[in-house]
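Worksheet for the structure shown next.
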Amino acid sequence: LNAVRHKDESEIVARAGKEGAVTIATNMAGRGTDVKVAEAMLELGGMHVILVDPNFSGRIDRQLMGRTARQGDPGSVRAYLSVDYELVTRFFPKFMKKRLKLSSSAQSMGYQRLARSAIRRAQKSSDRLGATQRRSVLKMDTWVDEHLSFMPESRRF
């Protein structure tokens, strides 16, 4: 699912909580759709969400993780990280990428902590960059409005 056919995808996402269902979707697919987990699934441990390719915003990852344990239901999350993911290639420092490559073969708890920490740092960097870009666009819009406007101030919307 890739958030193109909204109505159809919303119906598919809504069925994700049924026994035996496997749904693969982007973070945009089925937005606003309530996934009700079947009673049989709750008894087996609830819904399991697998995250690959972390988002540039940690808020979106947390929303996806929140799909697992809505309203106190049981559930679980597993996240995978590759040094080839765009978040990693754009926002991880070189030394961090090297450490992840070296320690990933051991699959130790230290690796997991390092990876989580690195993802949080990269997402914060991405969020700061996004905020800076939004401020720049707003500043430019204001400048254009002030300097290129042909309407007197009293007649603007």
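The values are calculated or read from the model by the stated rules, or taken from the named source; none is laboratory data. Predicted model only: the values in this text are computed from it and were never measured. Because the Cβ atoms are built from the backbone with ideal geometry, glycine has one as well, and the counts that use them run over all protein chains shown. Side chains are part of the model used for accessible areas, which takes the heavy atoms of the whole protein and leaves out ligands, DNA and RNA. Shrake-Rupley method; radii C 1.70, N 1.55, O 1.52, S 1.80 Å.
Conditions (1) at pLDDT below 75; (2) open to solvent by less than 80 Å² (accessible area, probe 1.4 Å); (3) part of a helix (DSSP H, G or I), marked per residue:
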site	(1), (2), (3)
Lys97	no, yes, yes
Arg113	no, no, yes
Ala122	no, yes, yes
Ala131	no, yes, yes
Ser154	yes, no, yes
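Could you figure out which of (1) modelled with pLDDT of 80 or more; (2) under 25 Å from Arg116 (Cα atoms) isn't true of Met28?
So Met28 meets the others, but not (1).
Condition test on Ser149, is it open to solvent by less than 50 Å² (accessible area, probe 1.4 Å), farther than 30 Å from Val37 by Cα and at pLDDT 90 or above?
Taking the combined requirement at face value, the residue does not satisfy it.
Say we look at the range 74-91 and pick out the residues that are among the small types (Gly, Ala, Ser) and outside any loop (DSSP other than H, G, I, E, B); which of these is surrounded by the fewest Cβ atoms within 10 Å (Cβ to Cβ)?
Applying the filter and picking the extreme gives Ser76.
Which of the residues belonging to the range 41-56 are open to solvent by 30 Å² or more (accessible area, probe 1.4 Å) and either among the β-branched types (Val, Ile, Thr) or in a strand (DSSP E or B) (or both)?
Correct list: His48, Ile50, Val52.
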